[in-house]
Amino acid sequence: MSGSLIAIYARRVKVFLLWSLFIIIILLSFRVSNVDIKTLVEGFPYAVFLIGEMFPPDFSRWEKILLLSIETIAMGFWGTILGMIISFPLGFLSAKNTSGGILYYISKGLASFLRSIPEIVYALVLVISFGFGAHVGVLALSLSTIGLLSKFYAEAIESIDKNPVEAIQATGSHGLGVIRHAVLPQVFPLFMAYNLYQLDRNIRYATVLGLVGAGGLGVELFTQMRSFDYQQAAAVIIVIFAIITIIDRVSARLRKDIIDGKFMNKENKYKDSLLMLIVSVIAILSLYFMPVDFKQMAYGIPRTWEFLKGMFPPDFSGIAVYLKLMLETVAMGISGTFLAVAISIPIGMLSARNVIHAPLVYNIMKEITNFLRAMPELMLALIFVVAVGLGPFAGVLAIALSSVGFLGKFYAEAIENVDPKPIEAVEATGARFTQRILHAVFPQVIPLFNSYNLFLLDKSIREATVMGIVGAGGIGFNLVMSMRAFDYQETATLILIILSTIMLVDWLSSYLRKKVV
Amino acid sequence: MVKIENIKKRFSGRDVLDGADMLVRKGEAVALIGPSGSGKTTLIRAINGFVVPDSGKVIVGDKEINYKNKESLRQTRKKIGMIYQLFNLVERASALENVMAGALGRLDNGVNLISSTIGLFHKKERDNAMELLKFVGIEDKAFERVDRLSGGQKQRVAVARALMQDPELLLADEPIANLDPKTSRKILDLLLRINMEKGITMICVLHHLDTVTDNFNRVVALKNGSICFDGETHNLTHNHIHDIYEFEEENVEETRCLAA
Ligand SMILES: Nc1ncnc2c1ncn2[C@@H]1O[C@H](COP(=O)(O)OP(=O)(O)OP(=O)(O)O)[C@@H](O)[C@H]1O
Ligand SMILES: [Mg+2]
């Protein structure tokens with residue numbers, strides 16, 4: 001009897017301690033990353049002023065913008081295609097059931113290494129040896145594509161149904177026949193969907209790689225913001241937004257049809273042909289406009305080697321400062337995610353069809369999250385730096401807003417997928433709206449929310465590492481500076497710190513996710 | 001057609017097959033019964049080489065199966081069609097594509113090998129596959145993706161795939177255990193018809209005793225890895241059933257229905 005009472009108290013104490021720890025972490029993060037309501041309030045009129053300055057957007061440099069847009073899309077395409085080609089064998093090599101031994105561990109390790117480094121860091125490094133231009137963007141995007149796609153491919157291959165494989169073996173087929181007719185048909189639609197997803201993602205990142213001189217629209221945006229020409233900057237932002245939104249919609253449509261197995265069937269034939277036609281036309285156009293400088297590429301390889309040699313041995317003399325900066329970076333990620341969660345809960349609820357019965361409200365809310373999701377974090381950071389000044393707070397705001405784009409959507413989908421029966425039951429008791437949410441919706445979605453939050457936390461900390469590139473706080477600033485100063489030994493240390501933090505956070509969040517869900 | 005001599009197989013320290021013998025003549029249809037875990041699936045899979053016996057031999061046609069030689073194992077499999085309880089189809093491919101995959105073993109040399117591997121089948125094979133889909137009664141679903149078919153339709157596709165091999169022997173492991181009674185009846189009729197009309201030898205694992213006694217002349221019962229009954233169905237007495245399934249004496253009649 002008293003034993004169980006003690007257990008209950010112990011549980012309460014544990015819960016209390018966990019919550020206190022959580023609050024302390026959040027408060028500390030706010031502190032470290034300069035989250036400051038006063039700055040925000042003071043910055044607000046300035047932000048409004050800034051938005052005012054942007055109108056009307058000035059499209060007078062439309063030719064330049066058009067060319068850069070094509071370049072951006074081309075970078076996304078070629079990054080994806082190159083990455084795809086290498087990921088195909090790497091995926092099979094890093095899948096448990098089609099690989100083995102040391103080869104499996106090497107391939108898996110390589111993929112996870114490649115995906116731990118943010119795209120823009122690749123671009124920063126590669127620009128040093130390959131010179132400025134879109135070819136660096138393509139290389140940077142392919143490297144991170146390999147890391148991500150080969151993981152997705154491997155997961156698809158590992159999840160295949162073994163039964164049909166045995167059945168085709170039982171017909172006396174040759175090994176290749178088994179792969180072609182029992183394995184590929186199972187994984188191919190998934191591969192296609194992942195490729196489209198990756199294309200979408202790559203074009204999104206391609207828009208900001210120009211910030212470090214790796215080609216695309218980013219350079220134009222950066223130049224206009226730097227010269228305080230907000231009307232021209234607004235034009236670029238609008239174009240970036242339009243490109244990302246269109247690609248996002250096209251790719252989501254195609255993905256859905258492919259996964260549902262409705263791709264190119266009777267009812268979707270015309271729609272899918274049209275979408276595929278658009279994709280192919282863009283692909284061909286981008287091939288034509290792709291300004292790859294082969295001479296630069298050829299020179300780049302020995303120079304990369306020089307650069308890599310210059311990194312050894314890494315210089316650990318500044319480690320104390322760097323670790324503090326890394327702490328600031330992690331704090332930025334935590335603060336940004338926490339703010340995003342706080343904002344996303346109402347937004348998610350308002351954009352869920354089954355909670356709000358007014359189409360106008362949920363559609364507007366959905367468009368807001370779409371808009372925020374389409375904005376690359378670094379671009380938001382660039383804008384916030386102008387509004388609230390240099391420093392981590394600008395980064396936190398950028399991370400928070402773009403996370404709202406994701407979380408708001410995820411939350412809404414989770415809420416839309418809840419079991420309607422308990423809601424109805426609570427509604428039937430004459431409960432108010434808030435009571436309905438509290439007693440019927442929340443209990444169903446909290447575990448899912450937590451898993452999304454952890455996913456976003458992981459993503460945010462990764463983003464925080466590069467915010468410094470535009471002066472929005474964190475370790476990224478020192479990374480850029482060390483490169484500008486040709487201090488590659490320091491660069492090596494910084495990259496090592498970033499890499500190990502990202503891997504640690506990745507591990508921690510997947511560990512927590514298992515506990516939460 | 002199939003001769004099994006004293007085969008033994010141990011899995012994690014347990015004799016799953018413990019010296020089973022069996023002889024199936026050409027054109028025969030044999031029902032294989034036995035309690036769960038008695039080794040029916042293991043026995044069936046030893047015939048097409050997915051289980052390698054520890055000792056004893058299996059002869060299919062006039063050749064002993066050589067489990068060590070991959071190529072000769074493949075040659076044996078070409079002649080044996082297999083039907084599964086869970087259909088084992090490629091869900092994301094169409095019915096027709098699934099059926100055509102049944103020809104992969106046959107098309108194993110020269111141009112045929114290359115073209116079938118990359119998925120280009122001769123028109124003759126395509127027509128053949130369509131013909132078989134018609135035979136099993138779902139030619140209208142040929143271009144439908146398998147994951148949109150019902151269980152009965154899926155099993156028909158699987159039967160057509162097995163026939164596509166042009167097999168001499170058909171193995172079926174609980175082919176109707178996952179289907180409703182009416183669909184079960186139809187699939188079983190289809191299998192019996194294949195045995196009668198095409199003269200394809202058939203070994204069929206079943207659980208429903210009435211189905212066995214009503215449709216098969218010969219029944220083989222496995223218990224603890226050895227054959228405990230082998231003979232004409234009408235000789236299968238209550239005592240045998242009691243013995244096979246270890247029922248209580250008084251309830252044989254009731255449990256006979258329950259076992260169904
Ligand atoms: N690959 C394997 N590894 C280990 N044990 C196995 C393997 N295959 C079968 N067994 C074991 O062998 C025993 C007999 O299995 P089998 O599948 O042949 O039985 P069955 O008669 O088909 O039963 P059921 O009617 O349930 O399908 C079971 O105890 C099973 O756990
Ligand atoms: Mg079985």
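The values are calculated or read from the model by the stated rules, or taken from the named source; none is laboratory data. Just so it is clear, the model here is predicted, and its values are computed rather than measured. Using ideal geometry, Cβ is built from the backbone for each residue, glycine included, and neighbour counts are taken over all protein chains shown. We work out accessible area using only protein heavy atoms, side chains counted, and drop any ligands, DNA or RNA first. Shrake-Rupley method; radii C 1.70, N 1.55, O 1.52, S 1.80 Å.
Before moving on, here are some points about what is shown:
- For peptide B:67-78, the mean count of partner chain Cβ atoms within 10 Å of a residue's Cβ comes to 2.
- To put it simply, the accessible area of region B:91-232 at a 1.4 Å probe is 48 percent carbon and sulfur.
- Ranking A:Tyr288, A:Tyr411, B:Tyr67 from most to least accessible surface, computed with a 1.4 Å probe over the protein chains only, gives A:Tyr288, B:Tyr67, A:Tyr411.
- Whichever aspartates and glutamates have a C-alpha closer than 14 Å to that of B:Lys68, once near sequence neighbours (fewer than 8 apart) are set aside: B:Asp54
- Potential lengthening between B:Asn6 and B:Ala177 on full extension [0.36 nm per residue; Cα-Cα distance subtracted]: 58.7 nm
- Longest to shortest principal axis, alpha-carbon extents of region A:56-310, angstrom: 69, 55, 27
- Where A:Tyr9, A:Tyr322 fall by accessible area, highest first, once all protein chains stay in place (1.4 Å): A:Tyr9, A:Tyr322
- Counting only protein heavy atoms and using a 1.4 Å probe, the accessible area of A:Val388 comes to about 30 Å².
- Once both labels are positioned 7 Å from their Cα atoms along Cα-to-Cβ, the gap between B:Asn235 and A:Ser20 label points is 8.2 nm.
- Each peptide among A:486-493, B:106-113, B:37-44 gets the average number of other Cβ atoms lying within 10 Å of its residues, and from highest to lowest they stand as B:37-44, A:486-493, B:106-113.
- Percent accessible area from carbon and sulfur atoms, region A:380-517, protein chains only, probe 1.4 Å: 64 percent
- Remark: spin-label model distance A:Ile446-A:Phe88 equals 4.8 nm, labels positioned 7 Å along the Cα→Cβ axis.
- Mean separation of Cα contacts under 8 Å (6+ apart) over length of chain A, as relative contact order %: 18 percent
- Alpha-carbon centroids, region B:151-175 and region B:1-34: separation in whole Å: 21 Å
- Interface area, A with B, accessible, probe 1.4 Å, both sides summed, Å² nearest 100: 2200 Å²
- Pairwise FRET efficiency - A:Phe113 versus A:Leu285, Cβ, R0 = 45 Å, nearest 0.05: 0.85
- Helical segments meeting 27 Å axial Cα length and Kyte-Doolittle -1.0 threshold in chain A (DSSP H): A:2-32, A:62-93, A:134-158, A:184-209, A:230-260, A:269-289, A:319-350, A:392-416, A:442-467, A:488-516
- Each 10 Å bin from zero holds the following percent of Cα-Cα pairs in the protein assembly as shown: 2, 11, 18, 19, 16, 14, 12, 6, 2, 0.
- In this view, the solvent-accessible surface of B:Asp189, computed with a 1.4 Å probe and all protein chains in place, comes to about 70 Å².
- Charge context of B:Cys204, other residues only, Cβ under 10 angstrom, K/R +1, D/E -1: -2
- With the helix formula -39500 (n - 2.57) applied to DSSP H stretches of n ≥ 4, chain B reaches a computed 222 nm mean residue ellipticity of -11500 deg cm²/dmol.
- Across chain B, Cα-Cα distances exceeding 29 Å account for 33% of all pairs.
- Violating pairs (Cα-Cα greater than 24 angstrom) within the set A:Lys96/B:Lys154; A:Lys162/B:Lys40; A:Lys256/B:Lys134; B:Lys78/B:Lys198: A:Lys96/B:Lys154; A:Lys256/B:Lys134
- All C-alpha to C-alpha distances of region B:1-156, sorted into 5 Å bins beginning at zero, yield P(r) values of 2, 8, 15, 16, 16, 16, 13, 10, 4, 1, 0 percent in whole numbers.
- In this view, the solvent-accessible surface of A:Ile25, computed with a 1.4 Å probe and all protein chains in place, comes to about 70 Å².
- Acute angle (nearest 10 degrees) that the helix B:123-135 long axis makes with the longest principal axis of chain B, alpha-carbon atoms: 40 degrees
- Residue mean of other protein chain beta carbons inside 10 Å, B:92-101: 4
- Estimated FRET transfer efficiency (A:Glu267, A:Asn354; beta-carbon r; R0 35 Å; 0.05): 0.85
- Pairwise Cα inverse-distance average, inverted: Kirkwood Rh of region A:384-517 (Å): 17.5 Å
- Kirkwood Rh, Cα atoms: Rg over Rh of region A:148-228: 1.35
- Acute angle (nearest 10 degrees) that the helix B:181-198 long axis makes with the longest principal axis of chain B, alpha-carbon atoms: 70 degrees
- Extension gain, A:Thr223-A:Arg12: 0.36 nm per intervening residue step, less the Cα-Cα distance, totals 70.4 nm.
- Proximal lysines to A:Lys295, defined as alpha-carbon separation beneath 26 angstrom and excluding residues fewer than eight positions away on the same chain: A:Lys64, A:Lys309
- Its Kirkwood hydrodynamic radius, worked out from the mean inverse distance over all distinct Cα pairs, puts region B:91-166 at 12.2 Å.
- Inter-probe distance in nm under a simple model that places probes 7 Å from Cα toward Cβ, at A:Ser317 and B:Cys228: 8.4 nm
- 10 Å Cβ neighbours from other chains, averaged over peptide A:361-372: 0
- By accessible area with a 1.4 Å probe, ligands and nucleic acids excluded, highest first: order of B:Cys228, B:Cys204: B:Cys228, B:Cys204
- Positive minus negative residues near A:Ala394 (Lys, Arg vs Asp, Glu; Cβ under 12 Å): -2
- Between region A:414-453 and region A:121-190, the alpha-carbon centres lie 39 Å apart.
- Based on protein heavy atoms only, chain A ends up with 49 Å² per residue of surface accessible to a 1.4 Å probe.
- Calculated P(r) of region B:152-225 - Cα pairs past 21 Å, %: 24 percent
- Chain B, accessible area per residue, ligands and nucleic acids excluded (1.4 Å, Å²): 46 Å²
- Length-normalised contact order of region A:56-310 in % [C-alpha pairs under 8 Å, at least 6 apart]: 30 percent
- Net lengthening on full extension, A:Thr304/A:Leu67 (0.36 nm per residue, minus Cα-Cα): 82.4 nm
- B:Leu113/A:Phe188 FRET efficiency (R0 22 Å; Cβ-Cβ; nearest 0.05): 0.55
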